[in-house]
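The block underneath contains the structure these notes are about, expressed in structure tokens.
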Amino acid sequence: MKIALSYAMAGEIASILPPEAQPLETVAGVPFYAIDENITAYCGGIGKVNAAMATQLCIDRYHPDLILNAGVAGSFQDLPIGTIVLADSLIQHDVDTSPIGDPVGLVSTVNRLEFPVERLEQAKALLDAQGVSYVTGKVASGDAFMVKGERADWVAETFSPTLCEMEGCAVAQVCLRNGVDFLALKSVSDRLCMENSPGEYFNFAQAMEQLNAVVLPLARALRDLPTATL
């Protein structure tokens, strides 16, 4: 199975690249890297449009069977900083065509409020086998860097997500339309449900190094699953 790892920023991918690594190619500003046999990675940029464009480029050029989106996210729950969260569904909190009668969050064309993940049970079993501590939950994506306040409260009340970030559901939408399996694995960087204590925000480089220590073994394990289980 071919797997692609989806990141937003170069700093997120750094800990899985060898020193002085050069991209296989850079297309429309999106660098693509060879990580391991049948595992590639790309940095799409911040926000849903960048994530969607990069994901379509990845699918067209590298033909992955599964895309695994990784990154940090704010938590709506009282989860310790650094908690690993395996997404079980995703929504887009900034889509609103309710004036024409649609539910808030409905994404036209695909006509979905929630976007699915594939191979969830396989991913859970592999993480369990690797001794990884994690929780599962819904991820809300939108083009806003969320902080504690009225907007965060509204997203929490409207969609009841576990996490909030800026790219995951856009990647999920592109995967859905292309028939490519999708998973997302996130690390809690801050808590939107309460005031974060001084110094409590997780060090970004450390957060991504710890997350990638889970992402890469998971990707390899998914890649190596027997064909009969795929």
Report those helices (runs of 4 or more DSSP H) wholly inside segment 115-198 carrying at least 3 residues which are modelled with pLDDT of 95 or more and within 20 Å of E209 (Cα to Cα). 120-129
Filter segment 28-52 for residues that are part of a strand (DSSP E or B) and of a type in the set (A, V, I, L, M); the one that is nearest to the chain's Cα centre (by Cα) is A41
Residues of segment 123-137 classified as touching a helix residue (DSSP H, G or I) at 6+ places or on another chain (Cβ under 7 Å) and either exposed (fewer than 15 other Cβ atoms within 10 Å of the Cβ) or of a type outside the set (G, A, S) (or both), total: 5
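Go through I100, I39 for me and flag whichever is more than 25 Å from S189 (Cα to Cα), touching a helix residue (DSSP H, G or I) at 6+ places or on another chain (Cβ under 7 Å) and among the hydrophobic types (A, V, I, L, M, F, W, C).
On the way: I100 fails: touching a helix residue (DSSP H, G or I) at 6+ places or on another chain (Cβ under 7 Å).
Checking each option against the conditions leaves just I39.
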How do the pairs read when you match residues in segment 142-163 that are within 22 Å of A70 (Cα to Cα) and touching a residue at least 24 places away in the same chain (Cβ under 8 Å) with residues anywhere that are part of a helix (DSSP H, G or I) and open to solvent by less than 80 Å² (accessible area, probe 1.4 Å), using Cβ under 6 Å and keeping only pairs 6 or more apart or on different chains? D143/K48; M146/A152
Residue list for segment 67-114, restricted to those being assigned to a loop (DSSP other than H, G, I, E, B), among the aliphatic types (A, V, I, L, M) and loosely packed, with under 15 Cβ neighbours inside 10 Å: V110
Of (1) more than 30 Å from D128 (Cα to Cα); (2) touching a residue at least 12 places away in the same chain (Cβ under 8 Å); (3) small (G, A, S), G101 satisfies all except one. Which? (2)
Selection from segment 78-127 of residues polar (S, T, N, Q) and either more than 18 Å from the chain's Cα centre (by Cα) or farther than 29 Å from L222 by Cβ (or both) yields T97, S98, S108, T109, N111
Take K48 and tell me if it is touching a residue at least 60 places away in the same chain (Cβ under 8 Å) and open to solvent by 60 Å² or more (accessible area, probe 1.4 Å). no
Please work out which residue is surrounded by the most Cβ atoms within 10 Å (Cβ to Cβ), limiting yourself to segment 1-27 and to residues that are at pLDDT 90 or above and not in a loop (DSSP other than H, G, I, E, B). S6
Output the number of the condition that A73 fails; it satisfies all remaining conditions of (1) at pLDDT below 95; (2) in contact with a strand residue (DSSP E or B) (Cβ under 9 Å, 6 or more places away or on another chain); (3) over 21 Å from Q206 (Cβ atoms). (3)
Tally of residues being surrounded by 16 or more Cβ atoms within 10 Å (Cβ to Cβ) and more than 27 Å from L225 (Cα to Cα) across segment 28-43: 2
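Whether any residue in segment 53-64 is under 18 Å from V188 (Cβ atoms) and either in contact with a Pro (Cβ under 7 Å, 6 or more places away or on another chain) or assigned to a strand (DSSP E or B) (or both) is what I want to check.
Initial filter on segment 53-64 (under 18 Å from V188 (Cβ atoms)): none.
No.
The values are calculated or read from the model by the stated rules, or taken from the named source; none is laboratory data. Please read all numbers here as calculations on a predicted model, not as lab measurements. All Cβ positions, even for glycine, are placed from backbone atoms using ideal geometry, and neighbour counts span all protein chains on display. Calculation scope for accessible area: heavy atoms of the full protein, side chains included, ligands and nucleic acids excluded. Shrake-Rupley method; radii C 1.70, N 1.55, O 1.52, S 1.80 Å.
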